[in-house]
Amino acid sequence: AKRDENIKILNEILVKKRWIKNDTSRIKKIRKKLKSVKWKIPEKEAALITEFYENEIEEINKFYKETNGEFIDIELQVHELRRDLRWLSIYPQALLGCIQFVDNGMETPELLKYLTPEIVNSPYNVLPPAGNNQFFVLVEKNHFLALSFVISALGKIKDKGLRVFVIAEAVIHTQFVTEEIAMERAIELNGSSSQGLQESSTKAKEICDPFFAEDNLGKMIAQQ
């Protein structure tokens, strides 16, 4: 019901902002802008993308440092961190070959724990071919795979933790009880415990602490 309600709200916004329906002026404006834009030369473009990528990494490292690895909120901390990390894996796919792997060939023992068969063989970790690009943002493959491992692991923790909160919200709306009682019933219905939620936060910390201590994000952009 909430899904349908929010899809309706979204469609109303899209119509009002002229993204869809008869008058799609928003899209026409974007196409017109793209035709007139002055594109950077490929070398400069690659340098700017590298700078942007490094700034994103800096912001994520700052966010984690501020939490001190002590996650007290699944949604605002664990889920938010995972969302930010996911963007680092989305950009290489979206930029159509501008970002490529480089493998320094060095065996790094601390990275081995991340290089599971599931991660190494994931189709999501195959980057688009270089195509006509001549200048690239180069990322160290194994550090990128380490990023993928953490994204996957946090996703599983996030799903397990948020399931309880979703059930609690449903209990509030159907049984008209307080948040505290709803949470107790949600934990019971989910077959978990408040201790289990704490364990999820602890597990997230166990995964993230070494990942950030090893500076995997900082080492991901290869020196060119």
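Of note:
- Summarised as an ellipsoid, segment 128-182 has semi-axes of 45, 13, 7 Å, derived from the eigenvalues of the Cα gyration tensor scaled by 5 and square-rooted, with the largest first.
- Enclosed volume per residue, in Å³, of the convex hull spanned by Cα atoms of segment 89-168: 108
- Phi-derived couplings, Karplus 6.51 cos²θ - 1.76 cosθ + 1.60 at θ = phi - 60°, listed residue by residue for segment 113-130: 5, 8, 8, 6, x, 4, 6, 4, 9, 5, x, 6, 9, 9, 7, x, x, 5 Hz, with x used for Gly and Pro.
- For the chain, built as a Gaussian network whose Cα springs stay under 10 Å, the top-fluctuating residue of Leu14, Leu88, Leu115: Leu14
- A full extension of the chain between Asp73 and Glu214 corresponds to an added length of 48.3 nm, given 0.36 nm per residue minus the alpha carbon distance.
- Against the rule of thumb 2.2 N^0.38 Å, how large the Cα Rg of segment 107-224 comes out: 1.47
- Note on Lys33: lysines with a C-alpha under 19 Å away, same-chain residues under 8 apart excluded, are Lys17.
- The share of C-alpha pairs in segment 46-138 whose separation exceeds 15 Å stands at 71 percent.
- Surface composition of the chain: carbon plus sulfur atoms contribute 55% of the solvent-accessible area (1.4 Å probe, protein chains only, all chains present).
- Amide H contacts of Ile221 (H built 1.01 Å from N, in plane; Pro and chain starts excluded): Glu140 sit under 5 Å, all sequence-distant by 5 or more or on other chains.
- Coarse-grained scattering of the chain at q = 0.08, 0.09, 0.12, 0.15 Å⁻¹, given as base-10 log I(q)/I(0) from a Debye sum over alpha-carbon atoms: -0.43, -0.54, -0.88, -1.11
- Heavy atoms of the protein chains alone define the surface here; on that basis segment 68-154 has 54 Å² accessible area per residue at 1.4 Å probe size.
- In order along segment 207-216, the Karplus-derived 3J(HN,Hα) couplings, from 6.51 cos²θ - 1.76 cosθ + 1.60 at θ = phi - 60°, round to 7, 7, 4, x, 4, 7, 5, 7, 6, 4 Hz, and Gly and Pro are given as x.
The values are calculated or read from the model by the stated rules, or taken from the named source; none is laboratory data. Being a predicted model, the structure only gives us computed values, none of them experimental. Note: areas computed on protein heavy atoms with side chains; ligands, DNA, RNA excluded. Shrake-Rupley method; radii C 1.70, N 1.55, O 1.52, S 1.80 Å.
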